[in-house]
1. Among the helices (runs of 4 or more DSSP H) contained in the range B:109-216, which hold 2 or more residues that are hydroxyl-bearing (Ser, Thr, Tyr)?
2. Test residue B:105 against the criterion of being part of a helix (DSSP H, G or I), in contact with a Phe, Trp or Tyr (Cβ under 7 Å, 6 or more places away or on another chain) and within 16 Å of ligand 1 (Cβ to nearest atom), and give yes or no.
3. Mind listing whichever residues of the range A:86-133 are touching a Leu at 6+ places or on another chain (Cβ under 7 Å), of a type in the set (A, V, I, L, M) and within 14 Å of another protein chain (Cβ to nearest Cβ)?
4. Please verify whether residue A:83 is aliphatic (A, V, I, L, M), within 14 Å of chain B (Cβ to nearest Cβ) and away from ligand 1 (no atom under 16 Å from the Cβ), treating the condition exactly as stated.
5. Being at negative phi, outside the structural domain of residue B:173 (by TED's automatic domain parsing) and more than 10 Å from ligand 1 (Cβ to nearest atom) narrows it down to one residue among B:71, B:22; which is it?
6. Select from the range B:124-150 the residues that are more than 12 Å from chain A (Cβ to nearest Cβ) and more than 21 Å from the chain's Cα centre (by Cα) and write down the one among them that is farthest from residue A:174 (Cα to Cα).
7. Keeping to the range A:4-30, report how many residues are of a type outside the set (D, E, K, R), away from chain B (no Cβ under 11 Å) and buried (at least 16 other Cβ atoms within 10 Å of the Cβ).
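The values are calculated or read from the model by the stated rules, or taken from the named source; none is laboratory data. These numbers were taken from a predicted model, which means no experiment stands behind them. FYI the Cβ positions are ideal-geometry reconstructions off the backbone, even for glycines, and counts take in every protein chain you see.
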Amino acid sequence: MTPRWTATGLSQDLPKAVAMAGHWQGQDLAVWRSATGRLQAWNDRCPHRGMRLSHGFVRGETLACIYHGWVYGAEGGCKHIPAHPALTPPATIRVAVFACVEQDGVIWVAPADTLGAPTALRGLQPLRSISLTCDVAAVLLVEPALSGEDTLRGLVQIAGQACEVCLLVQHGASGLTLHALCAVGADRIAASRWLEDLRRRAERKGTA
Amino acid sequence: MIRLYDYVLSASCYKIRLMAALLGVKLKHEAVDFHPGRAHKSVEFARLNPAGTLPVLVDGDLILTESTAMLVYLAQLLGRDWLAPSDPKSAAQVQHWLAFSGRLAASLGMARLHDMLLYEGNIDAWRAQGHAALRELEAALSERRFAGGVWLVGDAPSIADIACFPNVALSQDGGVSLDAYPSVRLWTRAVRALDRFVEMPGIHRLHELHPAPEVV
Ligand SMILES: N[C@H](CCC(=O)N[C@@H](CS)C(=O)NCC(=O)O)C(=O)O
Ligand code: FES
């Protein structure tokens, strides 16, 4: 069973005033951080003509669509339509909002009514998010030290040293993404090279 | 005055326009009817560049037909800060990224010419090679971030960044998304936020840095 909270990115990759694409179980999301640091996840479709809001841009506490510039504010409500500047947009023009929290340097999303918090990941630091063209089974096949389904964990060898790693699994429109964390204090450059190598080996194994 | 034989939609020509703008130098632009005119394949143009490619940069009796060589020339002449440090490692890394920018043009650049100007060729192969190159760039930029860096070589932007930026920033035009490359995306934002940055169709200054449009 897939948990409701899904990792969709790492905090380090989403600075203030930036938007990026995210996913919750096949649903495309626009994940963005306002100028003051407020994190939000919305359906990635502009209510106007369906442009991806993750391609939009942040201005202050709002997200503007790249296409015709419709501006959306807190809770997804449309605040401003540049072609009709005098109009107060009706409350029905609203983007669907998801729950979005940040914990252990990971950005997690879930449906709006989700209660509780994602599982805590103690003693780990964020490494990188990478996408793969194979499935999880291939990853487990080439790295038997890892186990799990949605959270792959284990003690692996990185540059000759045992290192705790955690790979958070995300299934998106374009395939598999792993949000990787490694033990606090581990050499992240070495860990990143291990991760690249893991991807190459898993993709060569292919989809089982 | 330095002359640039130029086509507005060309990523390789934009490399040079961007570099010149960042260096604060004005070039004399000679617009070439690349599409649909194919003027770069004419007999007249071959006197300037027998290879029939754009851009071409002319300064007195010097004629350059490789954009990476043009970056070196402009930076040597007008802004040596843009050459990155000259220690052996940095100098070699700059050469690496200048050569790598050719791979970006041959993959992402061709995918874009295919989608925009109907160039014929193996689009799936170009896109796959583009993703392979972006993975390398993502890995390198991630390592730079772990070391506290932002740019490809050294502590400041250099010709290495300018060489690689255009085809990466335009990759969407060739059907290659940057969604899977967070470090690459943050790096393109850093370039787009540079002082004196200039735009081209498909590449914009950070919108956040533009004032909000006036409401009339
Ligand atoms: N010499 C290379 C050529 C760059 C290049 O491929 N330019 C394209 C336009 S973006 C071109 O002229 N293509 C025509 C052709 O290859 O026939 C450079 O300066 O980087
Ligand atoms: S599609 Fe978003 S404003 Fe038109």
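1. Values: elements: B:110-117, B:123-146, B:159-169, B:182-192.
Fully inside the range B:109-216 and qualifying: B:182-192.
2. Values: part of a helix (DSSP H, G or I): yes; in contact with a Phe, Trp or Tyr (Cβ under 7 Å, 6 or more places away or on another chain): no; within 16 Å of ligand 1 (Cβ to nearest atom): yes.
So residue B:105 fails the test.
3. Residues satisfying the conditions are A:106, A:107, A:127, A:130, A:132.
4. Details: aliphatic (A, V, I, L, M): yes; within 14 Å of chain B (Cβ to nearest Cβ): yes; away from ligand 1 (no atom under 16 Å from the Cβ): yes.
Yes: the conditions hold for residue A:83.
5. Numbers: B:71 fails: more than 10 Å from ligand 1 (Cβ to nearest atom).
After ruling out the rest, the residue left standing is B:22.
6. Among residues in the range B:124-150 that are more than 12 Å from chain A (Cβ to nearest Cβ) and more than 21 Å from the chain's Cα centre (by Cα), the one farthest from residue A:174 (Cα to Cα) is B:125.
7. Looking only at that region, the number is 8.
The rows are residues; the columns are (1) modelled with pLDDT under 95; (2) in a helix (DSSP H, G or I).
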site	(1), (2)
B:1	yes, no
B:5	no, no
B:15	no, yes
B:22	no, yes
B:25	no, no
B:34	yes, no
B:40	yes, yes
